[in-house]
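The structure appears right after this line, and notes come after that.
Since every read-out is calculated from the coordinates, none of them should be taken as a lab result. Not measured: the values here are computed from a predicted model. With ideal geometry, Cβ positions are generated from the backbone for all residues, glycine too; neighbour counts draw on all protein chains shown.
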Amino acid sequence: MERVRLGFIGCGNMARHHGRIFASSVPEAEIVALCDPDESNLAQFVTGCLPGQSPALFSDYRAMLAEVPLDGVMIVSPHAYHFAQAMDSISAGCHVLIEKPMVISTPDAQALIAHAEASRRVVSVAFPGPFTCEFQYIRDRIARGDLGEIYLITGVCSQDVIDKIRGTWRIQRALAGGGNLYDSGAHMFNAMLYLTGLSVTDVCAFIDNKGEDVDVIASVSLRFTKGALGTAAVSSASTYFEQGIYIQGTRGSIKTSIYGGHLEHWDGPRLVKYPVVPPAISLQQNFIDCVLGRATTPSAPILGLRQARLMDAIYESAETGSIVRVITDA
């Protein structure tokens, strides 16, 4: 059996979540190197994900790339660092699995895609939704026309996190790119675009930072290709976590989680009681399969580019008080 040698850039909570899955459920994966400037994160990763093993440990990812032969890298660091770390990893010959958001600007997304294509390296964005059976079912039904013409796409991501992230990089715009619009909200926007196959053409956004450096609450009106309309509401100051996507067409409608894992499908007025969903594999297994050349990723970097374009337009709209046109792939 072939083994894929992995390095991790960033070893915090989310990195350890990925690490546990790689270590326990993906037999072809071998985590051989870890990088984090915080020694306690390195220690917790080894203890929690790789007990009894001795991966190479680094505080500087460039040293890790230079000193350890790697096939792939998982990037789980502050958003503003993703671009340079991904570019350097590709230059070192590595395939890249990168946490959302892929990058925090449109030019960076374009440059990363061009570099990956020129280097023939896989880049997969770690949005969990596209890897779920629910998202595959919904995307297929919409692509087949089962919902008819899509009229309305709405999303909500209201989370109780603002007090928990104070004092961290997540509340610094220079490192995070933005607030919950860019954090958990990224899953919501990705779900809207991925499931429908549509692109946003125009946005009108209202944002309130509530005295913080990043957005705390936001409301966005959206116009999509093919005439669909939509809304998105995001908050990091809720009293509990509420999230979801609603897609309404002329023949039916869908409700789902922004992460997958939930599905309600109406065929006209009738709720489909037992929808037949396809099998799905984890994003971690898919990445290894991509590296070994036996699969492609459903969460390709074009999703990161589309989201970067959308987010750039949302922040421009909020700052200027005007409707902003969004660049599309066409």
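Just a few scattered comments:
- Which of PHE131, PHE241 has the fewest Cβ neighbours within 10 Å, and the rest in rising order: PHE241, PHE131
- Relative contact order of the range 179-315, pairs being alpha-carbon contacts under 8 Å that are 6 or more residues apart, as %: 19
- Gain in span if fully extended, ALA43 to GLU2, counting 0.36 nm per residue against the direct Cα distance: 12.0 nm
- Diffusion constant of the range 4-125 at 37 °C, which comes from Stokes-Einstein with the Kirkwood Cα-pair radius and 0.692 mPa s, µm²/s: 231
- Packing, as the average of other Cβ atoms within 10 Å across residues, places the peptides 107-116, 200-209, 185-194 in the order 185-194, 200-209, 107-116, highest first.
- Gyration tensor (alpha-carbon) shape descriptor, the range 145-253, a/c threshold 1.5: prolate
- With Cα atoms, 0 to 90° folded angle of helix 106-119 axis to the chain main axis: 50
- All lysines inside 29 Å of LYS226 as judged from Cα atoms, apart from same-chain residues fewer than 8 positions distant: LYS100, LYS255
- On Cα atoms only, tilt of 13-25 relative to the major axis of the chain in degrees: 70
- Partners for LYS210 among lysines (Cα-Cα distance below 21 Å; same-chain residues under 8 apart left out): LYS164
- The chain - percent relative contact order, Cα under 8 Å, separation 6 or more: 19
- In range of the label at THR250: residues from the range 127-143 whose backbone nitrogen is under 15 Å from the point 7 Å along Cα→Cβ: none
- Charge dipole (debye, nearest 20) of the range 202-293; +1 at Cβ of Lys and Arg, -1 at Cβ of Asp and Glu: 560
- Beta bridges by DSSP in the chain, antiparallel share as percent, to the nearest 5: 60
- Classification of the range 273-330 by its C-alpha gyration tensor yields a prolate form. The axis ratio a/c (a ≥ b ≥ c) is 1.5 or more, and a/b outweighs b/c.
- The chain: angle of helix 133-144 to the longest principal axis, Cα-based, in degrees nearest 10: 50
- Calculated [θ] (222 nm, deg cm²/dmol) that DSSP helices of n ≥ 4 give over the chain, each run adding -39,500 (n - 2.57): -10500 deg cm²/dmol
- Normalised by the number of residues in the range 4-125, the average gap of Cα pairs under 8 Å and 6 or more apart makes the relative contact order 24 percent.
- Checking (1) 0.99; (2) 1.12; (3) 0.89 against Cα Rg over 2.2 N^0.38 Å calculated from these atoms, the matching label is (1).
- With both labels modelled 7 Å from their Cα along Cα-to-Cβ, the ILE327 to ARG20 distance reads 4.0 nm.
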